[in-house]
1. Given contacts defined as C-alpha pairs under 8 Å and at least six residues apart, what's the relative contact order of the chain, whole-number percent?
2. Could you work out how far apart the two model spin labels at residue 8 and residue 33 are, taking each label as a point 7 Å from the Cα in the direction of the beta carbon, and quote it in nm?
3. Give, rounded to the nearest 20 debye, the magnitude of the charge dipole that the chain has about its Cα centre when Lys and Arg contribute +1 at Cβ and Asp and Glu contribute -1 at Cβ.
4. What is the percent carbon and sulfur in the accessible area of the chain, measuring with a 1.4 Å probe over the protein chains and ignoring ligands?
5. Per residue, what volume in Å³ does the Cα convex hull of the chain take up?
6. Could you tell me which of rounded, prolate or oblate describes segment 169-284, using a ≥ b ≥ c as the square roots of the eigenvalues of the alpha-carbon gyration tensor, with rounded for a/c under 1.5 and, failing that, prolate when a/b is larger than b/c and oblate otherwise?
7. If you take every residue apart from residue 319 with its C-beta less than 14 Å away from the C-beta of residue 319, what net charge results, scoring Lys and Arg +1 and Asp and Glu -1?
8. Could you tell me which residue out of 2, 85, 284 lies farthest along the dipole of the chain toward its positive end? Charges go on the beta carbon: Lys and Arg +1, Asp and Glu -1, centred on the Cα centre.
Amino acid sequence: MPPVYINTGQKPVSSLSPRNPEIRTFHQSLPHYCPTPLVSLPELAQQLGIQYLLVKDESSRLGLPAFKILGASWATARAVASHVGLELKTNAGNFEGRLSLNLLAAAAQAANLVLYAATDGNHGRAVGRMAKYLGIKARIFVPSMVDEEAKSKIMSEGATVEVVNGDYDQTVVYTKLAAEKHEDRKGLLISDTALDVEDEIPQWIVEGYQTMFDEIEEQIIEATGQNGITMCVAPVGAGSLASSVVTHFERTPRSVKPAIVTVEPESAACLKASLEAGTIASVSATYTICTGMCVGTISACVWPILKDGVSIATTVSDSEVDEAIQTLQRYGIRAGPCGAASLAALRKLAKAGGTYLAPNSVVVVLCTEGERGYQFQF
Ligand SMILES: Cc1ncc(COP(=O)(O)O)c(C=O)c1O
(Lines give C-alpha, C1' and ligand atoms only; values in the text may rest on other atoms or scores of the structure.)
Protein backbone atom coordinates (compact mmCIF):
# COMPACT_ATOMS: atom_id res chain seq x y z
CA MET A 1 0.00 0.00 0.00
CA PRO A 2 1.43 3.45 -0.88
CA PRO A 3 2.34 5.48 2.24
CA VAL A 4 0.32 8.54 1.23
CA TYR A 5 -3.46 8.36 0.72
CA ILE A 6 -5.37 11.38 -0.55
CA ASN A 7 -8.92 11.41 0.80
CA THR A 8 -10.93 12.30 -2.28
CA GLY A 9 -14.09 11.98 -0.16
CA GLN A 10 -13.18 15.00 2.01
CA LYS A 11 -16.10 17.36 2.56
CA PRO A 12 -17.32 19.86 5.18
CA VAL A 13 -18.09 18.06 8.42
CA SER A 14 -21.67 18.47 9.52
CA SER A 15 -23.17 18.85 13.02
CA LEU A 16 -20.12 19.73 15.10
CA SER A 17 -20.63 20.76 18.69
CA PRO A 18 -19.75 24.41 19.41
CA ARG A 19 -16.48 25.32 21.15
CA ASN A 20 -16.86 25.16 24.92
CA PRO A 21 -14.84 27.92 26.65
CA GLU A 22 -15.08 26.14 30.01
CA ILE A 23 -12.71 23.41 28.91
CA ARG A 24 -9.70 25.69 28.85
CA THR A 25 -10.74 27.38 32.08
CA PHE A 26 -10.96 23.95 33.67
CA HIS A 27 -7.47 23.01 32.46
CA GLN A 28 -6.07 26.33 33.65
CA SER A 29 -7.32 25.48 37.12
CA LEU A 30 -5.44 22.16 37.29
CA PRO A 31 -2.01 21.82 38.93
CA HIS A 32 0.94 22.60 36.60
CA TYR A 33 -1.14 24.26 33.85
CA CYS A 34 0.97 26.23 31.41
CA PRO A 35 0.54 26.49 27.62
CA THR A 36 2.95 24.14 25.87
CA PRO A 37 5.38 25.81 23.45
CA LEU A 38 4.82 26.28 19.71
CA VAL A 39 8.39 26.19 18.43
CA SER A 40 9.36 27.61 15.05
CA LEU A 41 12.15 25.71 13.26
CA PRO A 42 13.24 27.98 10.36
CA GLU A 43 16.21 25.87 9.26
CA LEU A 44 14.07 22.73 8.91
CA ALA A 45 11.34 24.77 7.20
CA GLN A 46 13.89 25.90 4.64
CA GLN A 47 15.05 22.33 4.05
CA LEU A 48 11.43 21.28 3.49
CA GLY A 49 10.81 24.22 1.15
CA ILE A 50 8.07 25.79 3.28
CA GLN A 51 7.65 29.15 4.99
CA TYR A 52 7.07 28.02 8.58
CA LEU A 53 7.44 24.75 10.44
CA LEU A 54 5.90 25.04 13.88
CA VAL A 55 6.12 22.22 16.42
CA LYS A 56 3.52 22.07 19.20
CA ASP A 57 5.65 20.45 21.86
CA GLU A 58 3.51 18.42 24.29
CA SER A 59 6.45 16.86 26.12
CA SER A 60 5.38 18.54 29.33
CA ARG A 61 1.63 18.90 29.75
CA LEU A 62 -0.05 19.41 33.12
CA GLY A 63 2.94 17.74 34.78
CA LEU A 64 2.99 14.67 32.50
CA PRO A 65 5.09 13.88 29.40
CA ALA A 66 2.22 13.65 26.87
CA PHE A 67 -0.89 15.51 25.72
CA LYS A 68 -3.28 12.78 26.89
CA ILE A 69 -4.02 14.37 30.29
CA LEU A 70 -5.98 17.12 28.48
CA GLY A 71 -8.60 14.60 27.41
CA ALA A 72 -8.41 12.33 30.46
CA SER A 73 -8.85 15.21 32.92
CA TRP A 74 -11.86 16.76 31.20
CA ALA A 75 -13.53 13.40 30.53
CA THR A 76 -12.98 12.25 34.12
CA ALA A 77 -14.38 15.49 35.51
CA ARG A 78 -17.46 15.24 33.31
CA ALA A 79 -17.94 11.52 33.93
CA VAL A 80 -17.69 11.88 37.72
CA ALA A 81 -19.95 14.94 37.72
CA SER A 82 -22.52 13.17 35.61
CA HIS A 83 -22.36 9.99 37.72
CA VAL A 84 -22.93 11.80 41.01
CA GLY A 85 -25.33 14.41 39.62
CA LEU A 86 -23.08 17.44 40.08
CA GLU A 87 -23.26 20.28 37.60
CA LEU A 88 -19.80 21.01 36.21
CA LYS A 89 -20.32 24.72 35.90
CA THR A 90 -18.29 27.86 36.11
CA ASN A 91 -19.00 30.48 38.69
CA ALA A 92 -20.00 33.47 36.53
CA GLY A 93 -17.54 32.29 33.88
CA ASN A 94 -14.82 31.96 36.48
CA PHE A 95 -14.15 28.27 36.89
CA GLU A 96 -13.06 27.57 40.42
CA GLY A 97 -11.24 24.48 39.27
CA ARG A 98 -9.46 23.66 42.51
CA LEU A 99 -12.70 23.99 44.37
CA SER A 100 -14.42 21.97 41.69
CA LEU A 101 -11.71 19.34 41.85
CA ASN A 102 -12.24 19.25 45.61
CA LEU A 103 -15.99 19.01 45.15
CA LEU A 104 -15.58 16.29 42.57
CA ALA A 105 -13.14 14.47 44.83
CA ALA A 106 -15.52 14.55 47.76
CA ALA A 107 -18.38 13.30 45.59
CA ALA A 108 -16.27 10.61 43.91
CA GLN A 109 -15.01 9.35 47.26
CA ALA A 110 -18.48 9.37 48.82
CA ALA A 111 -19.80 7.39 45.86
CA ASN A 112 -16.89 4.90 46.10
CA LEU A 113 -16.03 5.33 42.44
CA VAL A 114 -13.13 3.50 40.82
CA LEU A 115 -11.71 4.66 37.47
CA TYR A 116 -11.02 2.09 34.75
CA ALA A 117 -8.99 2.57 31.58
CA ALA A 118 -7.39 0.55 28.81
CA THR A 119 -4.12 1.99 27.62
CA ASP A 120 -0.81 1.44 25.96
CA GLY A 121 0.74 3.95 28.33
CA ASN A 122 -0.01 7.66 28.29
CA HIS A 123 -3.79 7.62 28.65
CA GLY A 124 -3.65 5.17 31.55
CA ARG A 125 -1.08 7.25 33.37
CA ALA A 126 -3.25 10.35 32.88
CA VAL A 127 -6.32 8.56 34.26
CA GLY A 128 -4.18 7.36 37.18
CA ARG A 129 -3.15 10.97 37.83
CA MET A 130 -6.81 12.08 37.85
CA ALA A 131 -7.70 9.28 40.30
CA LYS A 132 -4.87 10.53 42.51
CA TYR A 133 -6.23 14.11 42.40
CA LEU A 134 -9.69 12.80 43.27
CA GLY A 135 -8.43 10.49 46.02
CA ILE A 136 -9.98 7.39 44.47
CA LYS A 137 -8.63 4.15 42.99
CA ALA A 138 -7.81 3.44 39.36
CA ARG A 139 -7.53 0.06 37.64
CA ILE A 140 -5.53 0.37 34.44
CA PHE A 141 -5.38 -2.46 31.90
CA VAL A 142 -2.53 -2.79 29.41
CA PRO A 143 -1.88 -5.13 26.46
CA SER A 144 0.97 -7.61 26.90
CA MET A 145 3.37 -5.66 24.65
CA VAL A 146 3.50 -2.67 27.03
CA ASP A 147 6.97 -2.38 28.56
CA GLU A 148 7.98 -2.27 32.22
CA GLU A 149 8.86 1.44 32.09
CA ALA A 150 5.34 2.39 30.96
CA LYS A 151 3.75 0.13 33.58
CA SER A 152 5.84 1.52 36.40
CA LYS A 153 4.97 5.10 35.37
CA ILE A 154 1.27 4.26 35.60
CA MET A 155 1.84 2.64 39.00
CA SER A 156 3.77 5.71 40.15
CA GLU A 157 0.41 7.53 40.05
CA GLY A 158 -0.97 5.06 42.60
CA ALA A 159 -3.01 3.05 40.06
CA THR A 160 -2.98 -0.72 39.79
CA VAL A 161 -1.86 -2.14 36.45
CA GLU A 162 -3.26 -5.38 35.07
CA VAL A 163 -1.85 -7.03 31.96
CA VAL A 164 -4.32 -8.43 29.43
CA ASN A 165 -3.05 -11.29 27.35
CA GLY A 166 -3.82 -9.71 24.00
CA ASP A 167 -3.42 -6.58 21.89
CA TYR A 168 -4.78 -3.09 22.46
CA ASP A 169 -8.18 -3.76 20.85
CA GLN A 170 -8.68 -6.86 23.03
CA THR A 171 -7.63 -4.87 26.08
CA VAL A 172 -10.31 -2.25 25.34
CA VAL A 173 -13.05 -4.89 25.30
CA TYR A 174 -11.68 -6.65 28.40
CA THR A 175 -11.55 -3.37 30.35
CA LYS A 176 -15.12 -2.45 29.41
CA LEU A 177 -16.36 -5.80 30.74
CA ALA A 178 -14.29 -5.44 33.92
CA ALA A 179 -15.74 -1.97 34.58
CA GLU A 180 -19.28 -3.23 33.98
CA LYS A 181 -18.69 -6.05 36.46
CA HIS A 182 -17.52 -3.70 39.21
CA GLU A 183 -19.93 -3.97 42.11
CA ASP A 184 -22.89 -1.57 42.29
CA ARG A 185 -21.92 0.00 38.94
CA LYS A 186 -19.20 2.04 40.65
CA GLY A 187 -16.60 1.31 37.97
CA LEU A 188 -16.26 4.38 35.76
CA LEU A 189 -14.68 3.56 32.40
CA ILE A 190 -12.65 6.52 31.10
CA SER A 191 -12.15 5.22 27.59
CA ASP A 192 -10.36 7.19 24.89
CA THR A 193 -11.82 4.98 22.19
CA ALA A 194 -15.46 4.17 21.47
CA LEU A 195 -16.81 0.75 20.57
CA ASP A 196 -20.14 2.39 19.90
CA VAL A 197 -20.74 5.64 18.01
CA GLU A 198 -22.95 6.91 20.87
CA ASP A 199 -20.35 6.41 23.67
CA GLU A 200 -20.18 9.75 25.51
CA ILE A 201 -16.96 9.56 27.47
CA PRO A 202 -14.65 9.13 24.44
CA GLN A 203 -16.32 12.23 23.00
CA TRP A 204 -15.45 14.17 26.15
CA ILE A 205 -11.85 13.04 25.65
CA VAL A 206 -11.94 14.59 22.16
CA GLU A 207 -13.42 17.78 23.63
CA GLY A 208 -10.60 18.00 26.17
CA TYR A 209 -7.96 18.31 23.45
CA GLN A 210 -9.52 21.63 22.42
CA THR A 211 -7.23 23.47 24.84
CA MET A 212 -4.22 22.60 22.65
CA PHE A 213 -5.83 24.38 19.69
CA ASP A 214 -6.94 27.37 21.75
CA GLU A 215 -3.27 27.82 22.62
CA ILE A 216 -2.12 27.33 19.01
CA GLU A 217 -4.51 30.04 17.81
CA GLU A 218 -2.82 32.53 20.15
CA GLN A 219 0.71 31.30 19.53
CA ILE A 220 0.48 31.26 15.73
CA ILE A 221 0.02 35.02 15.69
CA GLU A 222 3.04 35.52 17.95
CA ALA A 223 5.14 33.15 15.82
CA THR A 224 4.19 34.32 12.33
CA GLY A 225 2.40 37.64 12.74
CA GLN A 226 -0.79 36.25 11.19
CA ASN A 227 -3.25 33.40 11.80
CA GLY A 228 -2.75 31.43 8.57
CA ILE A 229 -2.11 27.70 8.94
CA THR A 230 -2.04 25.70 5.73
CA MET A 231 -1.47 22.24 7.19
CA CYS A 232 -1.70 20.47 10.53
CA VAL A 233 -0.13 17.02 11.03
CA ALA A 234 -1.47 14.77 13.79
CA PRO A 235 -0.49 11.28 14.96
CA VAL A 236 -3.29 8.72 15.10
CA GLY A 237 -3.94 5.79 17.41
CA ALA A 238 -7.69 5.49 17.99
CA GLY A 239 -8.21 8.84 16.23
CA SER A 240 -9.48 11.07 19.05
CA LEU A 241 -6.75 13.67 18.68
CA ALA A 242 -7.16 13.82 14.89
CA SER A 243 -10.89 14.24 15.39
CA SER A 244 -10.30 17.25 17.59
CA VAL A 245 -7.95 18.70 14.93
CA VAL A 246 -10.67 18.37 12.28
CA THR A 247 -13.29 19.79 14.63
CA HIS A 248 -11.16 22.77 15.56
CA PHE A 249 -10.30 23.79 12.01
CA GLU A 250 -13.88 23.27 10.80
CA ARG A 251 -15.12 25.54 13.58
CA THR A 252 -12.48 28.21 13.04
CA PRO A 253 -12.93 29.56 9.53
CA ARG A 254 -9.89 31.12 7.84
CA SER A 255 -9.29 32.25 4.29
CA VAL A 256 -7.45 29.04 3.36
CA LYS A 257 -8.67 25.85 5.00
CA PRO A 258 -5.72 23.89 6.40
CA ALA A 259 -5.03 20.42 5.05
CA ILE A 260 -5.44 17.87 7.85
CA VAL A 261 -2.73 15.23 7.59
CA THR A 262 -2.72 12.12 9.76
CA VAL A 263 0.17 9.80 10.45
CA GLU A 264 0.09 6.17 11.60
CA PRO A 265 2.73 3.49 11.99
CA GLU A 266 3.01 1.20 8.95
CA SER A 267 2.21 -1.70 11.27
CA ALA A 268 -1.01 -0.21 12.67
CA ALA A 269 -2.62 1.97 10.01
CA CYS A 270 -6.27 1.48 10.89
CA LEU A 271 -7.44 4.95 9.85
CA LYS A 272 -5.76 4.75 6.46
CA ALA A 273 -7.22 1.27 5.92
CA SER A 274 -10.67 2.59 6.86
CA LEU A 275 -10.40 5.61 4.53
CA GLU A 276 -9.34 3.31 1.71
CA ALA A 277 -12.25 0.94 2.44
CA GLY A 278 -14.79 3.75 2.99
CA THR A 279 -15.89 2.12 6.24
CA ILE A 280 -14.30 1.19 9.58
CA ALA A 281 -11.74 -1.51 8.78
CA SER A 282 -9.73 -3.25 11.50
CA VAL A 283 -6.10 -4.16 10.94
CA SER A 284 -3.96 -6.51 12.95
CA ALA A 285 -1.73 -4.00 14.74
CA THR A 286 1.79 -5.25 15.33
CA TYR A 287 4.74 -3.89 17.27
CA THR A 288 5.92 -0.35 16.66
CA ILE A 289 8.08 2.01 18.71
CA CYS A 290 5.09 4.38 18.53
CA THR A 291 3.33 2.49 21.32
CA GLY A 292 0.49 4.99 21.76
CA MET A 293 -0.40 4.58 18.09
CA CYS A 294 -0.49 0.76 18.07
CA VAL A 295 -4.25 0.47 17.58
CA GLY A 296 -6.12 -1.88 15.24
CA THR A 297 -9.52 -0.17 15.04
CA ILE A 298 -10.43 3.49 14.85
CA SER A 299 -12.79 4.81 17.54
CA ALA A 300 -16.40 4.48 16.38
CA CYS A 301 -17.41 7.96 17.52
CA VAL A 302 -14.68 9.80 15.58
CA TRP A 303 -14.96 7.87 12.30
CA PRO A 304 -17.78 10.05 10.88
CA ILE A 305 -15.63 13.16 11.47
CA LEU A 306 -12.37 11.69 10.18
CA LYS A 307 -13.83 10.18 7.01
CA ASP A 308 -15.09 13.63 5.96
CA GLY A 309 -12.43 15.85 7.51
CA VAL A 310 -9.04 14.23 6.92
CA SER A 311 -7.24 15.43 3.79
CA ILE A 312 -4.26 13.08 3.62
CA ALA A 313 -3.47 9.90 5.58
CA THR A 314 0.15 8.80 5.76
CA THR A 315 2.13 5.97 7.29
CA VAL A 316 5.71 5.95 8.55
CA SER A 317 8.20 3.24 9.49
CA ASP A 318 9.91 2.99 12.87
CA SER A 319 13.24 3.94 11.33
CA GLU A 320 11.75 7.10 9.79
CA VAL A 321 10.36 7.98 13.21
CA ASP A 322 13.73 7.33 14.83
CA GLU A 323 15.39 9.68 12.32
CA ALA A 324 12.80 12.37 13.11
CA ILE A 325 13.48 11.95 16.84
CA GLN A 326 17.21 12.59 16.23
CA THR A 327 16.43 15.64 14.08
CA LEU A 328 14.10 17.20 16.65
CA GLN A 329 16.67 16.56 19.34
CA ARG A 330 19.25 18.56 17.37
CA TYR A 331 16.83 21.49 17.50
CA GLY A 332 16.28 21.14 21.24
CA ILE A 333 12.95 19.26 21.12
CA ARG A 334 13.08 16.06 23.12
CA ALA A 335 10.35 14.07 21.39
CA GLY A 336 9.25 10.50 21.94
CA PRO A 337 8.27 8.26 19.00
CA CYS A 338 4.60 9.30 18.69
CA GLY A 339 5.70 12.91 18.98
CA ALA A 340 8.25 12.69 16.19
CA ALA A 341 5.96 10.71 13.87
CA SER A 342 4.39 13.98 12.65
CA LEU A 343 7.72 15.31 11.39
CA ALA A 344 8.47 11.94 9.76
CA ALA A 345 5.14 12.22 7.90
CA LEU A 346 5.84 15.77 6.79
CA ARG A 347 9.20 14.69 5.39
CA LYS A 348 7.47 11.91 3.51
CA LEU A 349 5.02 14.39 1.99
CA ALA A 350 7.86 16.72 1.00
CA LYS A 351 9.64 13.81 -0.69
CA ALA A 352 6.46 12.73 -2.47
CA GLY A 353 6.35 16.13 -4.20
CA GLY A 354 2.93 17.04 -5.59
CA THR A 355 1.07 20.12 -4.48
CA TYR A 356 0.83 19.31 -0.79
CA LEU A 357 3.54 21.76 0.22
CA ALA A 358 4.50 25.13 -1.22
CA PRO A 359 6.99 27.92 -0.41
CA ASN A 360 4.23 29.79 1.48
CA SER A 361 3.08 26.78 3.54
CA VAL A 362 2.63 27.26 7.28
CA VAL A 363 2.69 23.80 8.84
CA VAL A 364 1.89 22.91 12.44
CA VAL A 365 3.07 19.46 13.53
CA LEU A 366 1.72 18.02 16.76
CA CYS A 367 4.53 16.53 18.80
CA THR A 368 2.44 14.59 21.28
CA GLU A 369 4.94 13.10 23.71
CA GLY A 370 8.32 13.67 25.27
CA GLU A 371 11.42 11.54 25.16
CA ARG A 372 11.12 7.95 26.37
CA GLY A 373 12.95 4.68 25.95
CA TYR A 374 12.12 2.45 22.99
CA GLN A 375 13.44 -0.66 21.34
CA PHE A 376 13.35 -1.75 17.74
CA GLN A 377 11.90 -5.15 16.94
CA PHE A 378 12.78 -6.75 13.63
C1 LIG B 1 1.80 10.17 22.65
C2 LIG B 1 0.61 9.80 21.85
N3 LIG B 1 0.46 10.36 20.64
C4 LIG B 1 -0.61 10.08 19.87
C5 LIG B 1 -1.58 9.20 20.30
C6 LIG B 1 -2.77 8.92 19.43
O7 LIG B 1 -3.91 9.56 19.94
P8 LIG B 1 -5.37 9.03 19.55
O9 LIG B 1 -5.54 7.70 20.21
O10 LIG B 1 -6.27 10.07 20.08
O11 LIG B 1 -5.39 8.91 18.08
C12 LIG B 1 -1.47 8.60 21.58
C13 LIG B 1 -2.50 7.70 22.09
O14 LIG B 1 -2.42 7.15 23.17
C15 LIG B 1 -0.34 8.90 22.36
O16 LIG B 1 -0.15 8.37 23.58
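The values are calculated or read from the model by the stated rules, or taken from the named source; none is laboratory data. Small disclaimer: the values here were computed from a predicted structure and weren't measured. Because the Cβ atoms are built from the backbone with ideal geometry, glycine has one as well, and the counts that use them run over all protein chains shown. Just so you know, the surface numbers come from the protein's heavy atoms only, side chains and all, with ligands and any DNA or RNA stripped out. Shrake-Rupley method; radii C 1.70, N 1.55, O 1.52, S 1.80 Å.
1. On the way: 806 pairs, mean separation 83.4, N = 378.
The value is 22 percent.
2. So the label points at residue 8 and residue 33 sit 4.6 nm apart.
3. Details: 31 positive and 39 negative charges, 86 e Å.
It works out to roughly 420 debye.
4. Numbers: 7760 of 15360 Å².
That share works out to 51 percent.
5. Values: hull volume 48.6 nm³, N = 378.
Spread over its residues, the Cα hull of the chain gives 129 Å³ apiece.
6. Values: a/c = 2.92, a/b = 1.65, b/c = 1.77.
Oblate, since a/c reaches 1.5 and b/c is not below a/b.
7. Numbers: positive: 347, 348; negative: 266, 318, 320, 322, 323.
Combined, the nearby Lys, Arg, Asp and Glu give -3.
8. So the residue furthest toward the plus end is 85.
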